[in-house]
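Below you'll find the structure, written out as structure tokens, and then a few comments.
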Amino acid sequence: MTTTRWRGPRARWLLPTVGLALVTAACGVRPAATGPAQPSGPVTLISGVVEARPGCPVERPGRMCRPRPVGDVRVEARSLSARVTASTRTRADGHYSFRLGQGRYVLVAVTRQVLPRCPQVLVSVTSAAPVHANIRCDSGIR
């Protein structure tokens, strides 16, 4: 096996050339914005509760179980192009709220496990009036 040593004029220009190439490649590159885009113009309060149903293993016709609040779940408001516009976390009692500008959005409860399964909820913001949108999830209890 032979080893080539980098000596002389070749070694002197190699390091500055590589450094210049790296600096040039990085010019103009900026990290993407980390937070969701803020709405421009008037905003509306969107609020609701994320809850899982049924809340107990055995429901009887005369004794319906109350839904179980789903706490510490991320709720995202996505534009119809699937871009996250705003997000928040539910409180322990399942309540959430955030503000959105005019438009149509899909609310998504992002859970970290398979259950509960939560449907996407479509909301339209057309005025400054508050919008109440509950997200009713399937607890998986049968």
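Listed values, structure above:
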read-out: Which numbered condition Ala92 fails, given (1) open to solvent by less than 60 Å² (accessible area, probe 1.4 Å); (2) aliphatic (A, V, I, L, M); (3) over 17 Å from the mean Cα position of the chain (by Cα); value: (1)
read-out: Flag if Thr4 is modelled with pLDDT of 90 or more and over 15 Å from the mean Cα position of the chain (by Cα); value: no
read-out: Among residues of the stretch 111-130, those that are crowded, with 17+ Cβ neighbours inside 10 Å and more than 17 Å from Val70 (Cβ to Cβ), counted; value: 2
read-out: In the stretch 50-75, the residues that are part of a strand (DSSP E or B) and either open to solvent by less than 20 Å² (accessible area, probe 1.4 Å) or out of contact with any strand residue (DSSP E or B) (no Cβ under 7 Å at 6 or more places or on another chain) (or both); value: Val50, Ala52, Arg60, Arg63, Val75
read-out: Qualifying positions in the stretch 111-142 - part of a loop (DSSP other than H, G, I, E, B) and under 16 Å from the mean Cα position of the chain (by Cα); value: Thr111, Arg112, Gln113, Cys118, Pro119, Gln120
read-out: Tally of residues being assigned to a loop (DSSP other than H, G, I, E, B) and under 21 Å from Ser81 (Cα atoms) across the stretch 94-110; value: 1
read-out: Tally, over the stretch 44-70, of residues that are touching a Lys or Arg at 6+ places or on another chain (Cβ under 9 Å), hydrophobic (A, V, I, L, M, F, W, C) and farther than 23 Å from Ala129 by Cβ; value: 3
read-out: Pair list, Cβ under 6 Å, 6 or more apart: the stretch 121-142 residue more than 28 Å from Gly55 (Cα to Cα), other residue in a loop (DSSP other than H, G, I, E, B) and not aromatic (Phe, Trp, Tyr); value: Val125/Gln102; Ala128/Pro42
read-out: Enumeration of residues in the stretch 58-85 that are closer than 14 Å to Val106 by Cβ and at pLDDT below 95; value: Ser79, Leu80, Ser81, Ala82, Arg83, Val84, Thr85
read-out: Candidate set from the stretch 76-89 (those that are of a type in the set (Val, Ile, Thr) and over 14 Å from Ile135 (Cβ atoms)); member that is most open to solvent (accessible area, probe 1.4 Å); value: Val84
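The values are calculated or read from the model by the stated rules, or taken from the named source; none is laboratory data. Fair warning: this is a prediction, and the values are worked out from it, not measured in the lab. For neighbour counting, all protein chains shown are included, and Cβ atoms are generated from backbone atoms with ideal geometry for every residue, glycine included. The protein model used for the area step is the full one, side chains on, heavy atoms only, and it has no ligands, DNA or RNA in it. Shrake-Rupley method; radii C 1.70, N 1.55, O 1.52, S 1.80 Å.
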